[in-house]
Amino acid sequence: MTRWLHAAIAFGVTAQLALSLVMEAPDDKDGELVSGLPLQLYEIHEKIGLALVLLLVLHWLWSLSGHVHGGVGHLFPWFSKERLEKVRNEIRNLLNYKLSNPETSNELAGAVHGLGLLAATVMAATGTVIFFNLSATGHMTDLGENFHNIHGFFAPFMWAYLIGHVIAAGIHKRMGHMNVQQIFSLLKR
């Protein structure tokens, strides 16, 4: 279940980021409403965003009910001296050009995944508030504007997370740590 939720969220977040490059929200500030393909892509962005909210809620419920390998502390090691020290050790190794094998030492990967889950959750939650505070004519309430600013603030973190994931997978593959096909396998190993 964790792999399926992860895959669906990864697909959704990737689609959202790609759509953000070409979509346009309805806007009545300059007197002209956006229409055509850019608006349709925005509407798809809205629909995928609402689906992501549901997937993220399911992922959080699944994770908090004890289904995370290594426990929830694996994703959020910040409250355990022992886990935090393991993360620090992996960062030190990384800074010395020694990449840990994720099959035996994956505390840093867990912490990064936890941060990614938090960022995706913030993006989905703020996007939901925007959805319910934006009229068809493009008028956004003050609450919607505030959440739009938060949404925009976290967007670069999602881009960095996505790009970092691709780079890390490539580096691990090159170092022979794991097969990329195994990373994306939805079946149990």
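Just so it is clear, none of the values below were taken in a lab; they were calculated from the coordinates. Note that the structure is a prediction, hence the values are computed from the model and not measured.
In summary, segment 42-150 shows an alpha-carbon radius of gyration equal to 1.39 times the 2.2 N^0.38 Å reference for compact globular proteins.
Above 28 angstrom, tally the Cα pairs of the chain and express them as a % of all pairs, no decimals. Counting pairs separated by more than 28 Å, the tail of P(r) holds 34 percent.
Would you kindly state how much longer the chain becomes between Ser135 and Ser80 on full extension, computed as 0.36 nm times their sequence separation minus their alpha carbon distance, in nm to one decimal? Show your work: numbers first, answer last.
Values: separation 55, 0.36 × 55 = 19.80 nm, distance 4.51 nm.
Gain on stretching Ser135 to Ser80: 15.3 nm.
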